[in-house]
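Visitor: Just passing along the structure, written as structure tokens.
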Amino acid sequence: MLYQQVAAELRRAIYSGVLGPGAQLPTEAQLMEDHGVSRNTVRLALGELVNEGLVTRTPRRGTVVRDRRPLLIYPQRELEPQPRGELREAFAYAVAQEGREPSQYIEVLTVSPVEEIASRLELADGELAVVRRRLRFVDGQPYNTNDSYFPRDLVADSEIARPGDIARGANRVLEELGHAQVRVVDDIWARMPNQEEAERLQLELGTPVMVYVRVGYDGADMPVRVAMSVLPADKHLIRYELDRR
């Protein structure tokens, strides 16, 4: 279809760097003239690029290429030892390694978790969990959410159950409690965000998210943490490295 051809040409210009982040696309009138198509065709093409998260529409500047600098995540590195003197929460450490500035808003609650969480933590009926709900920022922009759940009986008297940041990270606190995570299981899937997620993360219309759930197990194979992250697909790149050497 004609609008797909127009969208394809603009998409190539964006991916090749001809139209870089912040660049303004030609006006609708110019695109109509350049491609010999109707205004409706141009609008359908631009709408497709908006839905893909490649461009955004602003009242004053028109259609602009979005900054697509993704945060590179290496899930397998979360439990690796950090250099001496650099003990930081895993997210903050990963962001700082890219030369960017991390920050986060934290809320700590004691909850009766939903079945999806309770079953992963292997909690009995009525058992409670402590959840650390975080809205995370990179360079001042909301980037993702992370809700980490822990069995309340395990962490009730620790920093994990108290408000505020834990500079060295909750994983280190679990180690100090005698429950270092030695095995993790990851589930990752994609979906569209709900309204609350779209508002908290200030998502552009049509931006999908990845849901990333990690369950951490201690040496006795007991689940001690369930971390559920919601990651806007246009702001994150998840990279796994497998090496048999």
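The values are calculated or read from the model by the stated rules, or taken from the named source; none is laboratory data. None of these values were measured; they are calculated from a predicted model. Positions of Cβ are backbone-derived with ideal geometry, glycine not excepted, and every protein chain shown enters the neighbour counts. All accessible areas refer to the heavy atoms of the entire protein, side chains included, with ligands and DNA or RNA removed. Shrake-Rupley method; radii C 1.70, N 1.55, O 1.52, S 1.80 Å.
Visitor: Residues 160, 166: which one is assigned to a helix (DSSP H, G or I) and open to solvent by less than 60 Å² (accessible area, probe 1.4 Å)?
Guide: Residue meeting the stated conditions: 160.
Visitor: Name the residues in the stretch 44-67 that are among the acidic types (Asp, Glu) and under 20 Å from the mean Cα position of the chain (by Cα), would you?
Guide: Once the filter is applied, which keeps residues that are among the acidic types (Asp, Glu) and under 20 Å from the mean Cα position of the chain (by Cα), the stretch 44-67 yields 52, 67.
Visitor: Which condition breaks for residue 133 when tested against (1) in contact with an Asp or Glu (Cβ under 9 Å, 6 or more places away or on another chain); (2) surrounded by fewer than 16 Cβ atoms within 10 Å (Cβ to Cβ)?
Guide: For residue 133, the failing item is (2).
Visitor: Within the stretch 212-245, count every residue that is open to solvent by 20 Å² or more (accessible area, probe 1.4 Å) and assigned to a strand (DSSP E or B).
Guide: Number satisfying all stated conditions: 5.
Visitor: Check off (1) surrounded by 15 or more Cβ atoms within 10 Å (Cβ to Cβ); (2) within 21 Å of residue 73 (Cα to Cα) for residue 140 and give me the number that stays unchecked.
Guide: Result: residue 140 fails condition (1) only.
Here is a yes/no grid of residues against (1) modelled with pLDDT under 80; (2) in contact with a strand residue (DSSP E or B) (Cβ under 9 Å, 6 or more places away or on another chain); (3) surrounded by 15 or more Cβ atoms within 10 Å (Cβ to Cβ):
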position	(1), (2), (3)
38	no, no, no
61	no, yes, no
66	no, yes, yes
73	no, yes, yes
83	yes, no, no
104	no, yes, yes
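Visitor: Given (1) over 16 Å from residue 229 (Cβ atoms); (2) part of a strand (DSSP E or B); (3) among the basic types (Lys, Arg), where does residue 100 come up short, assuming only one miss?
Guide: Result: residue 100 passes all but (2).
Visitor: Right, next: For the stretch 207-245, how many residues are of a type outside the set (S, T, N, Q) and within 16 Å of the chain's Cα centre (by Cα)?
Guide: So the count comes out to 21.
Visitor: Now for a separate question. Of all residues in the stretch 191-211, which are closer than 13 Å to residue 142 by Cα and assigned to a helix (DSSP H, G or I)?
Guide: 197, 198, 199, 200
Visitor: Hey, another quick one. Kindly provide the set of residues from the stretch 110-119 that are surrounded by 13 or more Cβ atoms within 10 Å (Cβ to Cβ) and assigned to a strand (DSSP E or B), ordered by number.
Guide: If the condition is that a residue be surrounded by 13 or more Cβ atoms within 10 Å (Cβ to Cβ) and assigned to a strand (DSSP E or B), then 111 is the only one that fits.
Visitor: Cβ-Cβ distance below 7 Å, separation of 6 or more or different chains: which pairs start in the stretch 42-55 with a residue that is of a type in the set (Asp, Glu) and end on one that is in a helix (DSSP H, G or I) and open to solvent by less than 10 Å² (accessible area, probe 1.4 Å)?
Guide: Final answer for the pair search is 48/7.
Visitor: Can you find a residue that is closer than 19 Å to residue 208 by Cβ, open to solvent by 30 Å² or more (accessible area, probe 1.4 Å) and in a helix (DSSP H, G or I) anywhere in the stretch 7-19? Steps first, please.
Guide: Filtering the stretch 7-19 down to residues closer than 19 Å to residue 208 by Cβ leaves 7, 11, 14-15.
Those still in the list that are open to solvent by 30 Å² or more (accessible area, probe 1.4 Å) too: 11, 15.
Imposing the further condition that a residue be in a helix (DSSP H, G or I) reduces the set to 11, 15.
Looking for residues that are closer than 19 Å to residue 208 by Cβ, open to solvent by 30 Å² or more (accessible area, probe 1.4 Å) and in a helix (DSSP H, G or I), one finds at least one in the stretch 7-19, hence yes.
Visitor: Give just the number: which of (1) part of a helix (DSSP H, G or I); (2) over 24 Å from residue 225 (Cα atoms) does residue 69 not satisfy?
Guide: (1)
Visitor: Residues 152, 183, 162: which one is touching a Phe, Trp or Tyr at 6+ places or on another chain (Cβ under 6 Å), without any contact (Cβ under 8 Å) to a residue 60 or more places away in the chain, more than 30 Å from residue 50 (Cβ to Cβ) and not aliphatic (A, V, I, L, M)?
Guide: None of the others qualify; the one that does is 183.
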